[in-house]
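Only one structure is covered here, and it is reproduced in the block below.
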Amino acid sequence: MKISIIGSGYVGLTTALALAHTGSSVILLDVSEDRIVSIREGRAPFYEPGVDGLLSDHIRKGSVRATMDYQEAINGSDLTFLAVGTPMDSDGRMDASYIKAAARSTGEAIARKGVPHIVVVKSTVLPGTTEGVILPILKDTGATMASIAMCPEFLREGSAMEDALHPDRVVIGCLDDTTFTTLKELFEPTDSRVLRCDPTTAEMIKYASNSFLATKISFANEISRICEVTGIDVYDVMEGVGMDSRISPQFLRAGAGFGGSCFPKDVSALIRAASDKGMKTPLMDSVMLNNDIQPVHLVDVMEEKLGVISDKRILILGLAFKPDTDDVRETRSLPVAKELSTRGGVVGGHDPQAGPNFATLMSDMRIFKDLDEAVDWAEVIILMTEWPVYRNYPFGEKGHLLFVFDGRRTIDPKRLGKIGYWAMGSPL
Ligand code: UDX
Ligand code: UDX
């Protein structure tokens with residue numbers, strides 16, 4: 001099929017490559033010139049494993065192209081995915097301004113082309129947005145619409161390419177049989193389970209999935225704090241809990257909390273949307289509250305174990321919200337760095353990929369490029385992102401270190417010699 005994708009971020013770019021991989025011809029559009037230049041040169045505009053190789057391959061073959069021109073994207077395709085960001089606004093609500101702008105420009109280009117076109121929403125949007133906001137904008141432009149659909153994405157950064165090539169499931173929220181068949185055939189080569197529903201249900205499936213996963217993490221973190229004061233280890237507990245196939249062991253890793261571009265913003269947007277309709281959301285409120293507690297709790301324990309934080313040189317290892325990405329959106333390293341600084345600590349940081357992005361969030365923090373130099377500078381280590389390079393680092397040979405705090409259960413304490421060690425969720 002001939003496809004265009006509006007928005008070339010994690011979702012748009014990896015979806016484009018997965019579709020090109022199974023034989024479609026794809027035009028990517030973005031408003032960022034830097035992104036388009038980078039894609040045309042076959043280089044991913046962000047760090048995401050597996051993207052560079054496939055991208056350079058498909059750019060060379062011509063199966064993936066990139067443009068900033070809506071008319072070129074629409075003229076060269078029969079079906080358009082909308083994959084621009086839907087970030088959180090300052091009130092914690094979903095900011096629909098980008099998706100509305102993308103829908104208007106897409107509609108205007110379809111109207112000029114004058115041929116029936118399918119538009120599929122892939123961005124995460126609140127229930128009702130596809131039919132209640134995006135479709136009216138498209139109609140208002142005079143676009144000759146074949147149909148509209150909503151297909152949420154379930155990509156995890158760090159393994160987004162793998163997830164796009166082999167999705168767990170494909171949810172097709174549509175209003176007619178022809179659109180369902182078209183989209184089912186498009187995703188057929190991925191051999192995934194397909195669920196058909198209406199667009200509003202598809203939108204809610206995405207929010208409910210993310211809210212449930214975030215709930216599992218906050219649950220594990222609350223149990224973790226109880227384990228700490230009870231003298232047991234939450235990882236041993238969750239091993240037993242996760243053996244129940246009704247529960248599953250996934251997303252029960254206690255630690256510094258969840259970050260990233262999805263969980264915090266999606267849970268928050270759903271809470272706001274519910275409250276705008278007069279509904280209370282006590283469960284999700286406490287999911288967020290628990291997530292805010294964890295970074296402060298970590299710093300509280302550090303202060304207790306160290307006696308005093310002020311003037312200690314404390315190195316945060318890992319600034320990205322998870323390993324294998326340079327994304328720092330809602331990273332838990334930020335509240336930890338701020339809390340440590342507020343209490344007088346001298347804070348430095350290191351990350352294999354995310355240093356420059358983190359510097360835009362906290363410009364006064366020293367960010368090391370070299371891991372050895374960073375560790376030599378530090379007196380205390382706090383591990384926040386479980387990059388493999390930290391797992392294998394010979395901390396035990398660095399006799400000057402006083403203490404290693406492990407926010408992600410990454411370091412083997414047996415390799416630390418006389419250095420103090422405490423991991424979140426282990427006895428205090
Ligand atoms: C995606 C989804 O679209 C979002 O709704 C979901 O909740 C998270 O995943 P993601 O791909 O991670 O977003 O976002 P990002 O990497 O920020 O990419 C969005 C892209 O859209 C950017 O490259 C941005 O430049 C582009 N964009 C934004 C447009 O092309 N047009 C606009 O009007 C706004
Ligand atoms: C998530 C969803 O998994 C994906 O389906 C959705 O489309 C986008 O949001 P992502 O945010 O990329 O993906 O990463 P994920 O692996 O889910 O991790 C999110 C955060 O939760 C990270 O900060 C991670 O450290 C944290 N986490 C995850 C835990 O603290 N414990 C866990 O057990 C799992």
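The values are calculated or read from the model by the stated rules, or taken from the named source; none is laboratory data. Being a predicted model, the structure only gives us computed values, none of them experimental. Reconstructed Cβ throughout: ideal geometry from the backbone, glycine too, with neighbour counts over all protein chains shown. The accessibility values were calculated without ligands, DNA or RNA, using every heavy atom of the protein model including side chains. Shrake-Rupley method; radii C 1.70, N 1.55, O 1.52, S 1.80 Å.
Structure notes:
- From the list 53, 9, the one residue that fits, being under 16 Å from residue 161 (Cβ atoms), open to solvent by 10 Å² or more (accessible area, probe 1.4 Å) and within 11 Å of ligand 1 (Cβ to nearest atom), is 9.
- The condition of being over 23 Å from residue 146 (Cβ atoms) and within 12 Å of ligand 1 (Cβ to nearest atom) holds for only one of 105, 38, 123, that being 38.
- Subset of segment 353-378 that is open to solvent by 20 Å² or more (accessible area, probe 1.4 Å) and small (Gly, Ala, Ser) - its residue that is nearest to residue 394 (Cα to Cα): 359
For every residue, the table says whether it meets (1) among the hydrophobic types (A, V, I, L, M, F, W, C); (2) farther than 26 Å from residue 252 by Cα; (3) at pLDDT below 95.
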{"site": "348", "(1), (2), (3)": "no, yes, no"}
{"site": "354", "(1), (2), (3)": "yes, no, no"}
{"site": "359", "(1), (2), (3)": "yes, yes, no"}
{"site": "367", "(1), (2), (3)": "yes, yes, no"}
{"site": "372", "(1), (2), (3)": "no, yes, no"}
{"site": "384", "(1), (2), (3)": "yes, no, no"}
{"site": "399", "(1), (2), (3)": "no, yes, yes"}
{"site": "408", "(1), (2), (3)": "no, no, no"}
{"site": "424", "(1), (2), (3)": "yes, no, no"}
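Here is a yes/no grid of residues against (1) touching a helix residue (DSSP H, G or I) at 6+ places or on another chain (Cβ under 8 Å); (2) over 22 Å from residue 110 (Cα atoms); (3) not assigned by TED's automatic domain parsing to the domain that holds residue 118:
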site: 17; (1), (2), (3): yes, yes, no
site: 22; (1), (2), (3): yes, yes, no
site: 26; (1), (2), (3): yes, no, no
site: 34; (1), (2), (3): no, yes, no
site: 37; (1), (2), (3): no, yes, no
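- Selected residue (only one of 182, 201, 178 is open to solvent by less than 40 Å² (accessible area, probe 1.4 Å) and outside any loop (DSSP other than H, G, I, E, B)): 182
- Residue within segment 339-352 that is of a type outside the set (Ser, Thr, Tyr) and under 21 Å from residue 156 (Cβ atoms) present: yes
- Selection status of residue 208, part of a helix (DSSP H, G or I), under 22 Å from the mean Cα position of the chain (by Cα) and not assigned by TED's automatic domain parsing to the domain that holds residue 68: yes
- Within segment 82-104, residues that are of a type in the set (Val, Ile, Thr) have Cβ atoms under 7 Å from residues that are in a helix (DSSP H, G or I) and modelled with pLDDT of 95 or more in these pairs: 84/98; 84/99; 84/102; 86/98; 86/99; 99/134, counting only partners at least 6 apart in sequence or on another chain.
- Where residue 37 falls short, out of the listed (1) closer than 25 Å to residue 78 by Cβ; (2) in a helix (DSSP H, G or I); (3) not hydroxyl-bearing (Ser, Thr, Tyr): (1)
- Number of residues in segment 251-275 that are touching a residue at least 24 places away in the same chain (Cβ under 8 Å), open to solvent by 30 Å² or more (accessible area, probe 1.4 Å) and more than 16 Å from ligand 1 (Cβ to nearest atom) equals 2.
- Cβ-Cβ contacts under 9 Å between residues 6 or more apart (or on different chains), taken from a first residue in segment 161-175 that is closer than 24 Å to residue 128 by Cα to a second residue that is open to solvent by 10 Å² or more (accessible area, probe 1.4 Å) and among the basic types (Lys, Arg), are listed as 169/193; 170/184; 170/193; 171/196; 172/184; 172/196; 173/196; 174/196.
- Test result for residue 414, in a helix (DSSP H, G or I), out of contact with any Phe, Trp or Tyr (no Cβ under 9 Å at 6 or more places or on another chain) and either surrounded by 21 or more Cβ atoms within 10 Å (Cβ to Cβ) or not assigned by TED's automatic domain parsing to the domain that holds residue 158 (or both): yes
- Taking the criterion of being open to solvent by 70 Å² or more (accessible area, probe 1.4 Å) and either in contact with an Asp or Glu (Cβ under 8 Å, 6 or more places away or on another chain) or not in a helix (DSSP H, G or I) (or both), the residues of segment 325-352 that qualify are 329, 330.
- Within segment 376-402, the set of residues being assigned to a loop (DSSP other than H, G, I, E, B), small (Gly, Ala, Ser) and either over 22 Å from residue 299 (Cβ atoms) or touching a Ser or Thr at 6+ places or on another chain (Cβ under 9 Å) (or both) comprises just one member, 399.
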